[in-house]
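Here is the structure we will look at, set down as structure tokens.
The values are calculated or read from the model by the stated rules, or taken from the named source; none is laboratory data. What you see is a predicted model; the values in this text were computed from it and never measured. FYI the Cβ positions are ideal-geometry reconstructions off the backbone, even for glycines, and counts take in every protein chain you see.
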């Protein structure tokens, strides 16, 4: 592989020597001490929380540019490897020792035509100590010994086991497969897991969300956790109920990173490489590459290691929080025992009005905006699907409350959505969009502490369609009043006729006016300026004040004849109608001339007869 120029090697040796002085060198073998042919052992758990050893033989060092892409190539063997079916997911972080000294963490399984038995890549201990030291504001650098470098050997990391013919055709290439820290989930099932891992396609959504109509926000990007390189074990173990004990968090033992805990649990399993008093490192690779982090550090119970042709994996459960994962870096995750990272308390209550059944979920979520959309959507779908025990049409009334330490007052909002195909879609999607809008605002972190969503659902479609709009005249003048009549149709029900009036300001200058009837929020028109926010409180107020789908709005629009775009509309005045429990949909509008010379006011017209006119 590409070798570093000698003057860089010398510089790094000097830097490394000074930076690792904080450690007793008798505990470790650094890269400059690794020799081909050295033998040692690795430690991991494959069943029953018992730490066992496997054998490891050093084949050489892959030396790449930089300090974070060097690996020690080892051949692994022994009864543990055989029972595990090779290097299994969840073994990442397993410490490897030579002569009782720690050389690093097993982090990747690999295929190499020159090695028939299983081989793996070990992340050297130096960059892992740097992660450990981040909590102490220290650093450490890796410097490989030239004698151990595998010359002209490249690595090509792949996501799954490569084709045998490809491996044979490229004898000077090692194909490593990351030994993932697999996700384990309890309380999620079916499509909730699919949404969690693969995301949600919103292209079929027909109703606008309140965040759709405000400028400057960030829509939730729901690509799924698999887009972050995470994988989900196909089985979930049941909790053992064992009490968490910090004393079990030792090298070779298991450690977890929690994304959710409570009625729904989600997190990853990996192995501890090294512990120094209350600080530890593990995995030998990043989790999601988050850098400085605030994940709950969890105890883990391993049930067994399941063999698989694709990739063997550890079957285990997350236990109790014992501290905080503070660093999520290329070489390792690092954390500290003791204080647990603050979580967001999520409560979702769902009532099936048709069967009079209700369920409530309480879940602690990691405060990480990158993960929040998937977490809220998957838990929301699970809560609705489980309560309804069906997937299909219906109407949902939902009330949201979002509380944050940096929010002067909670965001509270009520809305109604219906769907002819999937009633579970809109309420979780709007919640995810509200939280994303708040967390990615330009002013300050809201530091959300609690999220409540209460949903009542019926299979009946409670929709009201705007079908017609009639005005009393065919033209108007400034100062006139427009009388209108609307015809509404409840879904498979009765027709409703509503009447109202909109006053045209005497000072209005426009050649036309537009009367539009619509339900819920609307997009900003081209002739309107975006709302200017001066702080987080303004954003919360704006999200609360936008109309819900229970509201029908009849709005008067005009054009600014002296503006840049003389056809661009702007809102002038409006009138609203409320239909509690029903979602108003469709949009109807009428354009009529506005005569500025007063001719319209002096012309007699017949007002349509009927109630309300």
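Of all the numbered requirements in (1) under 38 Å from the mean Cα position of the chain (by Cα); (2) surrounded by 15 or more Cβ atoms within 10 Å (Cβ to Cβ); (3) at pLDDT 95 or above; (4) more than 19 Å from residue 468 (Cα to Cα), residue 527 misses one, and that requirement is (3). Scanning the stretch 268-301 for residues that are surrounded by fewer than 24 Cβ atoms within 10 Å (Cβ to Cβ) and on the phi < 0 side of the Ramachandran plot returns 275, 276, 278, 279, 286, 288, 290, 292, 293, 294, 299, 301.
For the stretch 87-102, filtering for residues that are touching a residue at least 60 places away in the same chain (Cβ under 8 Å) and crowded, with 19+ Cβ neighbours inside 10 Å leaves 11.
Evaluate the following for residue 58: is it in contact (Cβ under 8 Å) with a residue 40 or more places away in the chain, more than 21 Å from residue 275 (Cβ to Cβ) and part of a strand (DSSP E or B)? For residue 58, the condition - in contact (Cβ under 8 Å) with a residue 40 or more places away in the chain, more than 21 Å from residue 275 (Cβ to Cβ) and part of a strand (DSSP E or B) - is met. For the stretch 446-456, the count of residues that are on the phi > 0 side of the Ramachandran plot and part of a loop (DSSP other than H, G, I, E, B) is at least one.
Exactly one residue out of 106, 121, 132 is within 31 Å of the chain's Cα centre (by Cα), within 16 Å of residue 36 (Cα to Cα) and either at pLDDT 60 or above or in a strand (DSSP E or B) (or both): that is 121. With the condition kept exactly as written, say whether any residue in the stretch 505-513 is under 28 Å from residue 585 (Cβ atoms) and loosely packed, with under 14 Cβ neighbours inside 10 Å. Taking every residue of the stretch 505-513 in turn, none turns out to be under 28 Å from residue 585 (Cβ atoms) and loosely packed, with under 14 Cβ neighbours inside 10 Å. Screening the candidates 376, 388, 346, 326 for the property of being in contact with a strand residue (DSSP E or B) (Cβ under 9 Å, 6 or more places away or on another chain) and closer than 20 Å to residue 269 by Cβ yields one hit, 326.
Determine whether residue 607 is modelled with pLDDT under 95, more than 39 Å from the chain's Cα centre (by Cα) and surrounded by 12 or more Cβ atoms within 10 Å (Cβ to Cβ).
no
For the stretch 239-259, a residue qualifies if it is modelled with pLDDT of 90 or more and either touching a helix residue (DSSP H, G or I) at 6+ places or on another chain (Cβ under 6 Å) or outside any strand (DSSP E or B) (or both), and the qualifying residues are 249, 250, 251, 252, 253. Of all residues in the stretch 213-238, those satisfying the criterion of being at pLDDT 85 or above and surrounded by fewer than 18 Cβ atoms within 10 Å (Cβ to Cβ) are 223, 226, 227, 228.
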